[in-house]
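Here the structure comes first, spelled out in structure tokens, and everything after it is commentary.
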Amino acid sequence: MLLLFQLIFSLFSIFAIISVLSKKRSSLLSIGATVFWVIFWLLAAVFVWLPNALTVVANTFGIGRGTDLVLYVSLAVVFYILFRLSVRIEGLNRDITKVVRDKSFK
């Protein structure tokens, strides 16, 4: 059963990498974001095929299970992305307010 999941996940990872590269070609992603997402999907595929390797990495950081490591890292990344998005939204709000004020006085 694990082999079926590994195959499906590998196909999904390949699809995701192709999608990331397509977004980069369309100039929708920066180089940094492209590198991040390609490395992310490659590592995800590697750890799906070598699940014990993730446990070894987790043990190196003093975490008992590989699954826990994935959860902790995922939460940290999600909160970081939320922080970046909220900063960007606040900046857009300031920019919109400035444009509206400038237009209203003309």
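The values are calculated or read from the model by the stated rules, or taken from the named source; none is laboratory data. Predicted model, so just to flag it, every value in this text is computed and none were measured. Here Cβ is always computed from backbone atoms with ideal geometry, including for glycine, and neighbour counts include all displayed protein chains. These accessible areas exclude ligands, DNA and RNA; they are computed on the full protein's heavy atoms, side chains included. Shrake-Rupley method; radii C 1.70, N 1.55, O 1.52, S 1.80 Å.
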- Message: Please go through the stretch 32-55 and give me each residue that is modelled with pLDDT under 95 and of a type in the set (Val, Ile, Thr), ordered by number.
- Response: Val46, Val48, Thr55
- Item | Options Ser86, Ser74: the member that is of a type in the set (S, T, N, Q), closer than 28 Å to Phe12 by Cα and surrounded by 10 or more Cβ atoms within 10 Å (Cβ to Cβ) | Ser74
- Among the residues of the stretch 22-60, write down those that are surrounded by 12 or more Cβ atoms within 10 Å (Cβ to Cβ) and of a type in the set (Gly, Ala, Ser). Ala33, Ala44, Ala45, Ala53, Ala58
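Out of the residues in the stretch 18-28 that are among the aliphatic types (A, V, I, L, M) and farther than 21 Å from Ser74 by Cα, which is modelled with the lowest pLDDT?
Initially, the stretch 18-28 is screened for residues among the aliphatic types (A, V, I, L, M), giving 18, 20-21, 28.
Still in the list and also farther than 21 Å from Ser74 by Cα: 18, 21, 28.
Details: Ile18: 97, Leu21: 97, Leu28: 94.
Applying the filter and picking the extreme gives Leu28.
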- Of the criteria (1) open to solvent by 100 Å² or more (accessible area, probe 1.4 Å); (2) over 20 Å from the mean Cα position of the chain (by Cα), which one Leu92 fails: (1)
- Answer yes if at least one residue in the stretch 10-17 is surrounded by 12 or more Cβ atoms within 10 Å (Cβ to Cβ), under 18 Å from Val77 (Cα atoms) and of a type in the set (Val, Ile, Thr), and no otherwise. no
- Can you run down the residue pairs with Cβ atoms below 9 Å, 6 or more apart or on separate chains, where the first is in the stretch 78-92 and under 20 Å from Phe40 (Cβ atoms) and the partner is open to solvent by 100 Å² or more (accessible area, probe 1.4 Å) and assigned to a helix (DSSP H, G or I)? none
